[in-house]
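S.K.: To start, I am sharing the structure in question, which I have written as structure tokens.
All of the numbers you see were taken from the coordinates with simple rules; none came from a lab. What you see is a predicted model, and the numbers here were worked out from it, not measured in a lab. So basically every Cβ, Gly included, is an ideal-geometry build from the backbone, and we count neighbours across all protein chains shown.
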Amino acid sequence: MTRFSSFIPLIAGSLLATPAFAELSAEEAWQIYQDANADAGEFSFESADVSRNRVTVTGAMLVLGDDLNTIVVELGTMVFAEAAGGVGLTLAPRIPLQMEFDVEGDNAEVTAAILLDGADIVLSGSAEEMVQTYSFAQMEFVIEAIEDMPEDTTFDISATLTDLSGQTTLAGTDTRAAAFTAQSESLVYDVSAISPQDGNISMDATLAGIAVEGTTNFPAGFAAMQAGTLFQNPDYALDATLSSQSLSLSAQVSDASGDGTFEVVAGPGTVAMDIANGAVAYDGGLEALEVSTVVPDLPLPVNVNLARYGYRVSMPMVPTDEVRPMAFGIDLIGLEIDDFLWNLFDPGTVLPREPADLTFLANLTGRWLVDITDPDAPMQAMMAGDSIFEVESADISNLRLSAAGSELTGKGAFTFDNNDLFTFDGMPAPDGGVDLKLVGGNGLIDKLVQMGLLPQEQAMGARMMLGLFAVPGEGEDTLTSRIDVKPDGQVLANGQRIR
């Protein structure tokens, strides 16, 4: 998370306006717009021509950001006009952006623009509950220039939303609550760059059937804050879900080493995000994922398929005195690779080639010792030899790895003493254990020996290690193991001390 992370919703907010009153007049809408954008950033304009049912604003400009990252939104001419059902807001079809970023201590300047086609924005409701309804035939973000780009390098970079529409209901004054929905036929990314020195790259990606819904609570002026301040504010919360019906991506690279391609196709996908009480959580995944790549050193495409890819991440974003819950999880279900890849190391089809699965979930408690929303703080702490994170407990569940005719499952729990960094050579002393079960392990070793990938003497060593850490379980070729770690440095395998 960087200081720039809160800027994108700011731009959208500046385009789509702010609260309105019942039987709203154009002049009232214009005043509310000024007040709200004064909270969001530095809002200015050259003139405002006020008539009975219309306000025409010229030279409108909004400056967002902080000392390191800044976006200047040149809104230009804006027209607030009274109409049946509310006040319509007309924006310029092209809105220039001037952006300056701090990239590892270097200043980067980018010139961009937002292009609007078929815009329809209406403000209605009341000061207590404003309803904002909008639609765009097309909204396109285009990067037009990047400072210090080599003169012989050309590029095209754009992102386009087609058939975008949505509605936001906003209530409150000092602390506001919003409920929002939006949908778009597609989001298309187009990237291409041509450089005689570095080679050429092109990429196009499409998310189709996009839908967004959620709620948020925020203090007035929240968007102007830095990311760390947002997370520290108890009035800031977000609960949102983004879904898409399909994903497609195609990329081509050409340089001195040769030509390469990379293609991704996926079915439905979701991302759920929750931010509250200084913590953030993401839970999402993709169905029916297909990845294909061609690299110069391989004569045929490499194809990998996944029935499902899922992930879960939750963690605090601010340093605290008390420990906070965290979670990390992954699901790789139905992993399949081409027979071409299998045949590179198993031409005799010795190993079973059924799809592989990997699932894992770890629930932790811990705390950050530095502000990770400050990009410099973690590195400075590590360079000084200081810890940036403390973990107090870990609960491992849902561990399952199934591949090549064998399956490993397990679960366990540990606590950690962060005051003891000596017993385990710099690692907080753990106290706990893990239960493991391996089915088909000896059979897998036999097959690896048969394939010639594992010499007999190494296979014997592997079996001896299994005998040291595991005992026979119920069922054919089944081993179980209980590994206990004690805070005094002892490690036990099935009750036998091995350390």
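S.K.: Given the options V485, S165, M382, identify the residue whose Cα lies farthest towards the positive end of the charge dipole of the chain (+1 on Cβ of Lys, Arg; -1 on Cβ of Asp, Glu).
M.R.: V485
S.K.: What whole-number distance in Å separates the alpha-carbon centres of region 129-196 and region 60-91?
M.R.: Their Cα centres are 15 Å away from one another.
S.K.: Which order do peptides 381-391, 56-66 fall in by mean Cβ count within 10 Å, highest first? Could the numbers behind the result be given before it?
M.R.: On the way: 381-391: 12.5, 56-66: 18.6.
Put in order of decreasing packing, that is 56-66, 381-391.
S.K.: With only Lys, Arg, Asp and Glu charged, each at its Cβ (+1 for the first two, -1 for the last two), find how big the charge dipole of region 324-499 is about the Cα centre; round to the nearest 20 debye.
M.R.: Values: 12 positive and 27 negative charges, 104 e Å.
Here region 324-499 has a charge dipole of around 500 debye.
S.K.: Only one of the listed values, (1) 1.14; (2) 0.98; (3) 1.22, was derived from the coordinates as Cα Rg over 2.2 N^0.38 Å; which label is it?
M.R.: (3)
S.K.: Of V55, Q183, A145, which is farthest towards the positive pole of the chain's charge dipole, taken about the Cα centre with +1 and -1 on the beta-carbons of Lys, Arg and Asp, Glu respectively?
M.R.: Of the listed residues, the answer is Q183.
S.K.: Another question about this same structure. Using the Cβ atoms and a cut-off under 13 Å, what net charge is assigned to the surroundings of R324, where Lys and Arg are +1 and Asp and Glu are -1? Could you put the intermediate results ahead of the total?
M.R.: On the way: positive: R367; negative: D321, E322, E390, E392.
Result for the local shell: -3.
S.K.: Taking amide H positions as placed 1.01 Å from N in the peptide plane, with prolines and chain starts having none, which residues 5 or more places from A92, or on another chain, fall under 5 Å of its amide H?
M.R.: Here T77 satisfy the definition.
S.K.: Right, next: If the cut-off is 16 Å between C-alpha atoms, which aspartates and glutamates fall inside it for K437, apart from same-chain ones fewer than 8 positions away?
M.R.: Excluding near neighbours in sequence, the set is D357, E407, E474, E476, D477, D484.
S.K.: Magnitude of the Cβ-charge dipole of the chain, K/R +1 and D/E -1, about the Cα centre, nearest 20 debye?
M.R.: Working: 19 positive and 74 negative charges, 346 e Å.
Around 1660 debye, computed over the chain.
S.K.: Let me ask something else. When the helices in the chain are scored as -39500 (n - 2.57) per DSSP H run of 4 or longer and the sum is shared across all residues, what 222 nm value do you end up with, to the nearest 500 deg cm²/dmol? List each step's numbers first, then the result.
M.R.: On the way: 7 runs with 70 residues, N = 499.
Theoretical 222 nm ellipticity from helices: -4000 deg cm²/dmol.
S.K.: Can you work out ³J(HN,Hα) from phi for every residue in region 281-286, in order, using Karplus 6.51 cos²θ - 1.76 cosθ + 1.60 and θ = phi - 60°, giving whole Hz and x for Gly and Pro?
M.R.: Working through the residues one at a time gives 9, 10, 9, x, x, 10 Hz.
S.K.: Arranged by the count of other C-beta atoms within 10 angstrom, fewest first, what order do Y189, Y309 take? Write out the running numbers ahead of the final one.
M.R.: On the way: Y189 15, Y309 20.
Exposure proxy ranking, most exposed first: Y189, Y309.
S.K.: A119's amide H: which non-local residues (gap 5+, or another chain) put their own amide H closer than 5 Å, with H modeled 1.01 Å from N in plane and none for Pro or chain starts?
M.R.: Correct list: A137.
S.K.: List the chymotrypsin sites (Phe, Trp or Tyr not before Pro) within region 422-487 that DSSP assigns to loop and that have no more than 12 neighbouring Cβ atoms inside 10 Å. Please list the in-between numbers first.
M.R.: Values: sites: F422, F424, F469; in loops: F422.
Sites meeting the loop and neighbour criteria: F422.
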